[in-house]
Amino acid sequence: MTLTELEQTVRGVPDPVVREFLLMADDSIVAVLPYTLAIAARLGIADACAPDGSTPEELATSVGFAAEPLMSLLNALTGAGFFTRDLRGRFTPTELGAVLKADSPLSMRATLSNLDSHRAWLEAADAAAEKRPLPAAYGEAFFEDQDTKPTTEAAFNTRMRERAIRLYAGLAELPVWGGAHTVMDIGGGTGTVMSMILEAQHHLNGVLFDRRSVIDLAAHDSPLAAVRDRCTLVAGDFFDELPRGADVHLLGSVLHDWDDEKAADILRASVRALPPGGRILVCELVVPETSEPHPARWSDLGMLVLLGGQERTLSEFDKLFASAGLARSRVLPVGESSFSLIEVIPSGQDPQCA
């Protein structure tokens, strides 16, 4: 097959992830972009640029990296649209390049810096080649590791904050908060989503619930400052017991970390803590029942490799909910993202009472 024939074939592929990858695929460049961005993010190149631009030599001195390879990195990222280069040879981040800056509202710096998922995939590829089971870091081990390594924990929570800003922006405006009094964000990290909800819904109070190490971090490093008088921080284990009093429970990208047995345990703990008429809101990617492209298909593999978890179809969610004594009442899209908000209530409860 000639390159022209390959291009013609690939351009008919509906999934842009596949289309662009196959057109780029080559032994020397197949992994260039993610690692180039990871290096740029870890070095803090975009943050080091002066307002009127910086030369590669100036940046090399600032970030402590050799000028020659830094020049190659900058040239590649300039061609990709992350930087501009003026006639004096000075580089400046573009609007797109803001994703590499730590203080940008668009920041993905912590996300792009993370190489844990790359390592997990390399291990999985080796395991598959050797016909061994995938060496997934099951949820308990993954989160126990976070608890024992404060630096790792802080980086993980920064990535989750970036992710929430990018993907959950429409959540706070959905028509699910009317009539509610207190929302508990279960596994809510340091409070990014909770702050969005409380700032948009002034009648609500909040409870932020997560592991002790996360809540300790949220107590002094959280976006909740503006609504702190309406939000209580509670530490605990969502497999065990949840605090009572919240009539709405939010589980944002929590269930996909776990297999069905563990996910059902989380839902049962939520049901035990719900008051009569209470609701659970599950925010997740939903795998389509049909075969069209969707990010959930890729995320499903990612959760399997990283945590032993999974993404689910609506029918799979319904089975999971039923196993915990719950029933789905409605599904809403979350803004322009690929996420859905699934509202569930205890089986037999009148949806009008929710």
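Rounded to the nearest 500, what is the chain's calculated 222 nm mean residue ellipticity when only DSSP H runs of at least 4 contribute -39500 (n - 2.57) each, over all residues?
My calculation for the chain gives -13000 deg cm²/dmol from helical runs alone.
Filter the DSSP H helices in the chain by two things, a Kyte-Doolittle mean of at least 0.5 and an axial alpha-carbon span of 15 angstrom or more, and list the hits by number.
32-43, 67-79, 295-307
Note down the relative contact order for the range 285-354 as a percent, whole number, built from C-alpha pairs under 8 angstrom at least six residues apart.
It comes to 26 percent, rounded to a whole number.
Is the range 208-354 rounded, prolate or oblate when judged by the Cα gyration tensor, a ≥ b ≥ c being the square roots of its eigenvalues, rounded requiring a/c under 1.5 and prolate requiring a/b larger than b/c?
Here the range 208-354 falls in the oblate category.
With the chain treated as a Gaussian network of Cα nodes joined by springs under 10 Å, which of ASP52, ASP300, ASP257 yields the largest mean-square fluctuation?
With Cα springs under 10 Å in the chain, the top fluctuation among ASP52, ASP300, ASP257 is at ASP52.
Keeping all protein chains in place, calculate the accessible area per residue for the chain (probe 1.4 angstrom), answer in Å².
Heavy-atom accessible area per residue stands at 50 Å².
How high is the relative contact order of the range 266-321? Use alpha-carbon pairs under 8 Å, at least six apart in sequence, and give a whole percent.
In percent, rounded to a whole number, it is 31.
Run the numbers on the chain and let me know its relative contact order in percent, using alpha-carbon pairs under 8 Å that are six or more apart.
So the answer I get is 12 percent.
Considering only protein heavy atoms and a probe of 1.4 Å, how much of the accessible area of the chain is carbon and sulfur, as a whole percent?
About 57 percent, which is the carbon plus sulfur part of the accessible surface.
The values are calculated or read from the model by the stated rules, or taken from the named source; none is laboratory data. Source: prediction; values computed, not measured. With ligands, DNA and RNA removed, areas are computed over all heavy atoms of the protein, side chains included. Shrake-Rupley method; radii C 1.70, N 1.55, O 1.52, S 1.80 Å.
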